[in-house]
Amino acid sequence: MNYIEHIGKYFLMLSRVFRKPQRSKVFYQAFMKEVEDLGLKSLGIIMFISFFIGGVIALQTALNLDNPFIPKSLVGFAAKRSIILEFAPTFCSIILAGKVGSYITSSIGTMRVTEQIDALEVMGINSLNHLVLPKILAAVFFYPFLISLGMFLGIFGGWTAGVLSGLFNGLDYIEGIQLDFKPFLLFYAIVKTLVFAFLIATVPSYHGYYVKGGSIAVGRASTQSVVWTTILIVIANYFLTQMLLT
């Protein structure tokens, strides 16, 4: 019954979030700040992990394709499919859920326990619209770019690993990338990214907004938000894959 209550409160929260902002200038400033906090400050970790995980995927694929009858271009093909379909949209989103989700919950939760949100409500400001909507829009608009960059760096990391290790030829890798290219797979990855970005922005906001207690409660809420965001990303990934690819 407790889960049903949380689901109801979550959707009630969304109904208050998606309303017209009271002051467009203030909203724009908040939106740009969230783009920096949620997006630009996550560039480094996404670039670093994407590059090296792409290299690991390519090396592991090459080491397992030791049959001389299997073309070496299959390494690039397998790396491309793995990175576009799962690694970039799903794995990177889970990383963002940990990094960004804990930040969102702690920042909103701190405002709740220090009664800053109560002060906003007293002034007649829709606190959910003021605090959460800029985060949702920043994540939904910026994360597709972030994940696209992760795709490129992952594929490039695979090419770099192959060239430096000598396990496969760079030209064969590029040939595998070009083999049987389907634009719909990019569409599928972006759709997943948009859904995951929405979850990353809203689920931690819910846990932070409705936190009760002091600083310890904020820490517990941050942990819970990361766990539940990750669970929902995995569940959404399954259903999106079933709907779009099967």
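The numbers here are math on the coordinates, done by the rules we state, and not lab data. Model, not experiment: these values are computed from the prediction. Backbone-built Cβ (ideal geometry, glycine too); neighbour counts: all protein chains shown.
Annotations
- Just so you know, in segment 174-195 the residues that are among the charged types (D, E, K, R) and assigned to a helix (DSSP H, G or I) include one that is nearest to the chain's Cα centre (by Cα), and it is Lys192.
- Scan segment 149-173 for residues that are loosely packed, with under 14 Cβ neighbours inside 10 Å and outside any helix (DSSP H, G or I) and the total you get is 1.
- Test: Ile84 is buried (at least 19 other Cβ atoms within 10 Å of the Cβ), of a type in the set (A, V, I, L, M), assigned to a helix (DSSP H, G or I) and out of contact with any Phe, Trp or Tyr (no Cβ under 9 Å at 6 or more places or on another chain): no
Conditions tested, residue by residue: (1) without any contact (Cβ under 8 Å) to a residue 60 or more places away in the chain; (2) of a type outside the set (Gly, Ala, Ser); (3) more than 21 Å from Leu194 (Cα to Cα).
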site	(1), (2), (3)
Ser15	yes, no, no
Ser42	no, no, no
Phe48	yes, yes, yes
Ile57	no, yes, yes
Asn64	yes, yes, yes
Ser73	no, no, yes
Ala78	no, no, yes
Ile104	no, yes, no
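- Total residues in segment 193-221, condition under 19 Å from His130 (Cβ atoms), of a type in the set (A, V, I, L, M, F, W, C) and surrounded by fewer than 24 Cβ atoms within 10 Å (Cβ to Cβ): 1
- Any chance Ile46 is more than 22 Å from the chain's Cα centre (by Cα) and either part of a helix (DSSP H, G or I) or over 22 Å from Ser93 (Cβ atoms) (or both): no
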